[in-house]
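Read through the structure below, which is laid out as structure tokens, and then see the notes.
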Amino acid sequence: MQFQQLQYFVAVAETRHFTRAADLVHVAQPSLSQQIKALERELGADLFLRARGNITLTDAGEALLPLARRILADADTARHEVQELVQLRSGRVRLGATPSLCTGLLPDVLRAFHDRYPGIRLMIEEGGSHDLVRELARGALDLALIVLPLPTPSPALTSVELLREDLVVVSSPDAPKPGHGRRTVRIADLEGERLVMFRHGYDLRELTVAACRSAGFEPDFAVEGGEMDAVLGFVRAGLGMAVVPRMVATRAGRGLRVTPLARPGLHRTIALAHRSDVAPPRAARELQRMLLER
């Protein structure tokens, strides 16, 4: 008994027509008929009653049909499981993340993922949440770490909250302490201070500017337009202060003074997103699991 013969048998049983069954399994009708006859000889029983324009199952055919379907389903499952394992030995994961998350959250997780799946190529794209959502929607990314809430929620995306992170004020140790030397600083204390500000489209820029305006003032920029590494470098050089995620400030090392924001402070919510209509590849789902369990 051959696997292909069972496929042909099920096709005829479901269509009750040899020609339509042959079209369904993409084989010539004579070849299909020959394989069915060979299967019947192997089993020692007729599987179909063949009358002009009327194909019905015999008792033997009725008995074989659920078994054949189960065998074919098990074969599909086996093929899928093997493909899943192959995807974890080679392939790629396309992950988008904001630059601050590339600096703070991702290094440890990506190192653990790479240690476990060294054959998977990691492709990282940095960008603001708006850009990453657009790249997800057009299929250019498998997963993206974005900042919530989005100004325009996308029903095409599924997102899971990953963490809620405090923001802090960083300054040069050689510069005057923010907030007149208090252990914590209020957003209102940044009025009149020179700030190093991220480029337009950066989630942290929008959050900081909105907080300053809510406190009743317009922020004063000493330098603006940089990415995370540039902003931290400008702060170290004493050009001004910046509001950054605590995780980034902790990883930034020496050369920065870190001052927490007074309650209620500023926070941002990080979520892991993917398209709702397409399941991420197996390797991407494994990275997703590691991020959620970190």
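The values are calculated or read from the model by the stated rules, or taken from the named source; none is laboratory data. What you see is a predicted model, and the numbers here were worked out from it, not measured in a lab. Just so you know, the surface numbers come from the protein's heavy atoms only, side chains and all, with ligands and any DNA or RNA stripped out. Shrake-Rupley method; radii C 1.70, N 1.55, O 1.52, S 1.80 Å.
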Legend entry - Amide H contacts under 5 Å for Leu57, placed H, 5+ residues apart: Leu49
Legend entry - In degrees, nearest ten, helix 203-214 long axis to first principal axis of the chain (Cα): 50 degrees
Inset, instruction - Restricting to the chain, compute how many DSSP beta bridges are antiparallel as a %, nearest 5. - result: 60 percent
Inset, instruction - Ignoring everything but the protein chains, give the 1.4 Å probe accessible area of Val244 in square angstrom, nearest 10. - result: 0 Å²
Legend entry - Rounded percent of accessible protein surface that carbon and sulfur make up, the range 1-151, 1.4 Å probe: 51 percent
Inset, instruction - Treating the angle as unsigned and between 0 and 90°, give the value, to the nearest 10°, between the Cα long axis of helix 59-87 and the longest Cα principal axis of the chain. - result: 30 degrees
Legend entry - Area accessible to solvent at Lys37, 1.4 Å probe radius, in Å²: 110 Å²
Inset, instruction - With Rg/Rh (Cα atoms, Kirkwood Rh) in mind, check (1) 0.92; (2) 1.29; (3) 0.98 and report the label derived from this structure. - result: (2)
Legend entry - Using θ = phi - 60° and Karplus 6.51 cos²θ - 1.76 cosθ + 1.60, couplings along the range 15-24 (whole Hz; Gly, Pro as x): 8, 6, 7, 5, 5, 5, 5, 4, 4, 5
Legend entry - Rounded Å value of the spacing that divides the Cα centres of the range 170-214 and the range 102-117: 30 Å
Inset, instruction - Scan around Arg257 for amide H atoms under 5 Å from its own, H built in the peptide plane at 1.01 Å from N, and keep only partners 5 or more places away or cross-chain. - result: Ser171, Ser172
Inset, instruction - Please work out the average accessible area per residue across the chain, using the 1.4 Å probe convention, and give it in Å². - result: 53 Å²
Inset, instruction - Determine the relative contact order of the range 15-172: mean sequence separation of Cα pairs under 8 Å and six or more apart, normalised by residue count, in whole percent. - result: 16 percent
Legend entry - Nearest 10 degrees, 0 to 90: helix 29-43 Cα axis against the chain principal axis: 70 degrees
